[in-house]
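Below: the structure, in structure tokens.
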Amino acid sequence: KDTTGLLVVAKTDAAHQGLAALFADHGRTMPFEREYIAYVWGAPDRHRGVIDAPLGRHPAHREKQAVVRSEKGREAVTHFTVEEAFGADHNGRPLAARVRCALETGRTHQIRVHLAHIGCPLLGDELYGAGFRTKVAKLPEKTRAAVGALRRQALHAAVLAFEHPVTGKPMRFESPPPKDMATLEKALRRS
């Protein structure tokens, strides 16, 4: 919900069974690629990295997921690359960044929780980034307007690649970011 981009749908039972097996395998034994573009507050402390932190239900807020101890959660691994940083605060740290995330696992809200866990929640994410609302006020007016116009988390499913579950044919799909995210990026570049 509120994430744009690619989605896979099975048209037959055989395709559904194959896709279910592929998603359950998380690309460990079968080729499977999922990449997302995320716009985050701040920037991770390194250009490239892996967030390996188990996820489970938040103990106090049942609608949320949270990083939990391994025995209480399910394995969750997100690889990230900072593609571009935007603006700078009074300490010279980026105000925001565009981050490409590749999923090794696929848990509910995984990217949103993992990026918030390392201190870089998604722009527009009311569930996991609510503490960063005050940062919007520090942005230039046009950038503030672009963040406000988004009305959702800044997350886009950009790449989906796998072998067709029935034919075995390699398939790769790419989706450019939608207009609202392109507008957001232009505004961030000016900040």
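Specify which of the listed residues (Arg190, Arg172, Arg133, Arg144) is under 27 Å from Asp52 (Cβ atoms) and among the basic types (Lys, Arg).
Working: Arg190 fails: under 27 Å from Asp52 (Cβ atoms); Arg133 fails: under 27 Å from Asp52 (Cβ atoms); Arg144 fails: under 27 Å from Asp52 (Cβ atoms).
Selected residue: Arg172, the only one of Arg190, Arg172, Arg133, Arg144 that is under 27 Å from Asp52 (Cβ atoms) and among the basic types (Lys, Arg).
Name the residue that is nearest to Pro31 (Cα to Cα), counting only residues in the range 1-18 that are among the hydrophobic types (A, V, I, L, M, F, W, C) and within 21 Å of the chain's Cα centre (by Cα).
Residues of the range 1-18 that are among the hydrophobic types (A, V, I, L, M, F, W, C), as a first pass: 6-10, 14-15.
Pick out the ones that are also within 21 Å of the chain's Cα centre (by Cα) and you get 6-9.
Working: Leu6: 17, Leu7: 17, Val8: 15, Val9: 18 Å.
The selected residue is Val8.
Every residue in the range 115-127 that is assigned to a loop (DSSP other than H, G, I, E, B), open to solvent by 30 Å² or more (accessible area, probe 1.4 Å) and out of contact with any Gly (no Cβ under 9 Å at 6 or more places or on another chain), please. Working first, answer last.
First, pick out the residues of the range 115-127 that are assigned to a loop (DSSP other than H, G, I, E, B): 118-121, 123-127.
Applying the additional criterion that residues be open to solvent by 30 Å² or more (accessible area, probe 1.4 Å) yields 118-119, 126-127.
Residues satisfying the conditions are Glu126, Leu127.
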May I ask you to list the residues in the range 72-120 that are closer than 22 Å to Glu141 by Cβ, out of contact with any Ser or Thr (no Cβ under 7 Å at 6 or more places or on another chain) and not basic (Lys, Arg)? Glu84, Ala85, Ala88, Asp89, His90, Pro94, Ala96, Ala97
Scanning the range 128-159 residue by residue, the ones that are more than 18 Å from Gln65 (Cα to Cα), free of Cβ contacts under 8 Å to residues at least 12 places away in the same chain and assigned to a helix (DSSP H, G or I) total 4
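β-branched (Val, Ile, Thr) and open to solvent by 60 Å² or more (accessible area, probe 1.4 Å): does that describe Thr12? Full working, then the answer.
On the way: β-branched (Val, Ile, Thr): yes; open to solvent by 60 Å² or more (accessible area, probe 1.4 Å): yes.
Taking the combined requirement at face value, the residue satisfies it.
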Just name the residue that is least open to solvent (accessible area, probe 1.4 Å) out of those in the range 150-180 that are in contact with a Phe, Trp or Tyr (Cβ under 7 Å, 6 or more places away or on another chain) and over 28 Å from His117 (Cα atoms). Phe162
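Residue-by-condition table, conditions (1) modelled with pLDDT under 95; (2) of a type outside the set (S, T, N, Q); (3) more than 23 Å from Leu188 (Cβ to Cβ):
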{"site": "Thr4", "(1), (2), (3)": "no, no, no"}
{"site": "Ala14", "(1), (2), (3)": "yes, yes, yes"}
{"site": "Met30", "(1), (2), (3)": "yes, yes, yes"}
{"site": "Asp45", "(1), (2), (3)": "yes, yes, no"}
{"site": "Val68", "(1), (2), (3)": "yes, yes, yes"}
{"site": "Thr78", "(1), (2), (3)": "no, no, no"}
{"site": "Thr81", "(1), (2), (3)": "no, no, no"}
{"site": "Gly92", "(1), (2), (3)": "yes, yes, no"}
{"site": "Glu104", "(1), (2), (3)": "yes, yes, yes"}
Hey, could you check the range 37-95 for residues that are touching a His at 6+ places or on another chain (Cβ under 6 Å) and outside any loop (DSSP other than H, G, I, E, B) and say which is most open to solvent (accessible area, probe 1.4 Å)? Val50
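Take the conditions open to solvent by less than 60 Å² (accessible area, probe 1.4 Å), β-branched (Val, Ile, Thr) and over 25 Å from Arg57 (Cα atoms) and apply them to Val147. Does it pass?
On the way: open to solvent by less than 60 Å² (accessible area, probe 1.4 Å): yes; β-branched (Val, Ile, Thr): yes; over 25 Å from Arg57 (Cα atoms): yes.
When the stated conditions are applied, Val147 passes them.
The values are calculated or read from the model by the stated rules, or taken from the named source; none is laboratory data. Keep in mind the model is a prediction, meaning the values are calculated, not measured. Positions of Cβ are backbone-derived with ideal geometry, glycine not excepted, and every protein chain shown enters the neighbour counts. To get the accessible areas, we keep the full protein, side chains included, count just its heavy atoms, and leave off ligands, DNA and RNA. Shrake-Rupley method; radii C 1.70, N 1.55, O 1.52, S 1.80 Å.
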